[in-house]
1. If I model a spin label at R156 and L437 as a point 7 Å from the Cα along the Cα→Cβ vector, what separation in nanometres do I get?
2. Considering the values (i) 220; (ii) 241; (iii) 183, which represents volume of the Cα convex hull per residue in Å³ as calculated for the structure under consideration?
3. Work out how much length L55 to K181 would gain on full extension: take 0.36 nm times their residue separation and subtract the Cα-Cα distance, in nm to one decimal.
4. What are the ³J(HN,Hα) couplings of the stretch 342-347, residue after residue, when phi is run through the Karplus curve with 6.51, -1.76, 1.60 and θ = phi - 60°? Round to Hz, x for glycine and proline.
5. Which of the pairs K341/K480; K20/K181; K181/K360; K273/K341 have their Cα atoms more than 28 Å apart in this structure?
6. Sort 489-500, 253-264 for me by packing, meaning the mean count of neighbouring Cβ atoms within 10 Å per residue, highest on top.
7. Counting Lys and Arg as +1 and Asp and Glu as -1, what is the net charge of the other residues whose Cβ lies under 15 Å from the Cβ of N548?
8. Indicate the gyration tensor shape class of the stretch 410-555 (rounded, prolate or oblate), computed on the Cα atoms with a ≥ b ≥ c the square roots of the eigenvalues: a/c under 1.5 is rounded; otherwise a/b larger than b/c is prolate and the rest oblate.
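Computed from the coordinates by the stated procedures, all read-outs in this text should not be read as laboratory data. Note that this is a predicted model, so its numbers are computed, not measured. Note that we place each Cβ from the backbone using ideal geometry, even for glycine, and neighbour counts take in every protein chain shown.
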Amino acid sequence: HPLRVQLEPLAWESEFFARKCARFVLDSQGVSQAQIEFTDFDIVQSKIPANRLDLLDQLVKLGFQFIEGEADFSLPINALADTQNYRIASEPDILAIRAVAKGLFAASRFRAPWYTEEERDRFYQIWAENAVRGLFDHACLVIEDTSGIHGFVTLRKLVRDAARIGLLAVRPDLTGRGLGKGLIKAARHWCAARHIQSALASNVLNGDGNFTQRCQQWFEQYTHSHKVLLTPSCTAALEMAAILLAIQPGDEVVMPSFTFVSTANAFVLRGAKIVFVDVRPDTMNIDETRIEAALTSRTRAIVPIHYAGVACEMDAIMAIADQHQLWVVEDAAQGVAATYKGRALGSIGHIGCYSFHETKNYTAGGEGGAILINQAEQVERAEIIRQKGTNRNQFLRGQTDKYTWRDIGSSYLMSDLQAAYLWAQLEAVEQISARRLELWHGYFQAFQSLAQQGRIELPAIAPDCDHNAHMFYLKLRDIKDRNAFISAMRDAGILAVFHYVPLHSSPAGQRFGVFHGEDRYTTKDSERLVRLPLFYNMTDMAHHTVINAVTRYFA
């Protein structure tokens, strides 16, 4: 059957080759190929899908020559890529870039019969030059040191979340040194950083800008919470939760002692007394069987902490809360993208709190957090508390003609510049999660024999919990054993560290709280626990180095 096509003139190519060029586009709404006058053009090109060899045969019969195969592939964006020695090229770099590009065409797989010798030398040079000026591709990144530019990559934005590499070149005398891989990493960073550039260009850097809205909607869809509001930190989110629940002096709040100070501080600021209970030795989470005995007529809330991104026994905790009409605030600072029985951590209690600190799986550029409002009736007041006690959000939505002071509150908004950074992280959430889980499971498998020998204890994950590989820890025999291990790792150049000192043992913990019941595991296990390095950009070599050092220590 005759092909249905359109013939589109190509202005840039026509100017470059000084010949009339066109593109032969397959189009079901186009005209029959028999009606096309090829004689109006000197060069006509076409692209067809690799699985349509029948089209290739028809084009060959029309006089087309097969030149090359082309593969498009995608690289997930990584905002944490190491971009040292990489930068965006500018006009003064053009001569150096042309020098790198010279002769590149001859080494390319691309073989077009219509190129003259002179055109072959100029083609890539002009392409790269136009990328620097933003006339063809949108940017050109270069790799350099004090001796000059060693390579470049050109990039073109496609849609909001994607970009395409046009050219990638490294000086021939420097091939085989990983510079091309470095340019790919820099290109991925550019994709992420352009969100920050977009935020800067918008001139809206305060809270609740475009990127804040994107992030909040992403979390609402992922968690199914009624409302997610970005905050400057998880500490701020916890403080908002205490205000939202109207915690008063004399109220009591139950939580584990093995947690970060912000968990308790948020409620102490409202005048509450903290009642600490013991943890489970398998997960280091609050022991749900110890909660009910710690309740009094003054208890207002339970605050479970999902340690290491592993869920607490939320069904049992929610049942206790329902029975005694208590609030549940999930401290899910470490629990982003982890689940309990298919439900996102932070979305199960009445309120959830996330952290995007630089030590967490996903960061907002150093600091950041979010509060998850899981009951519709609390959304309006949460917005007022976050906006300094005013109804400014209603004003911005056109629901009132002015905004006024309505309640207590504070400035609990994240900058939109930070939200832009966070958005790039969320675009790569699956990639980041997969890599962290790969590293976590690598440790777990490597140390199985040590655990079976009884020399160490490994983390425990319940079958109905999907953790997020926030951290990997070992438990040694006692504090003396742990300190010796930490010292040995330090000598091997490995940063292995302990974690929380139980809050009930601190001066403020003794002043503002009390430990209820027996401390069977909180102190003892906190003194045995040591964390191993685990982060997204950890290389396989670094991972194996840690495994080998740990194995040698216990040999």
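1. 3.5
2. Recomputing volume of the Cα convex hull per residue in Å³ here gives the entry labelled (i).
3. Working: separation 126, 0.36 × 126 = 45.36 nm, distance 3.55 nm.
Separation in residues times 0.36 nm, less the Cα-Cα distance, equals 41.8 nm.
4. x, 9, 5, 4, x, 9
5. With Cα atoms farther than 28 Å apart: K341/K480; K20/K181; K273/K341.
6. Values: 489-500: 14.8, 253-264: 24.1.
Highest mean packing first, the order is 253-264, 489-500.
7. On the way: positive: R552; negative: D491, D540.
Its environment carries a net charge of -1.
8. On the way: a/c = 1.80, a/b = 1.07, b/c = 1.69.
Oblate.
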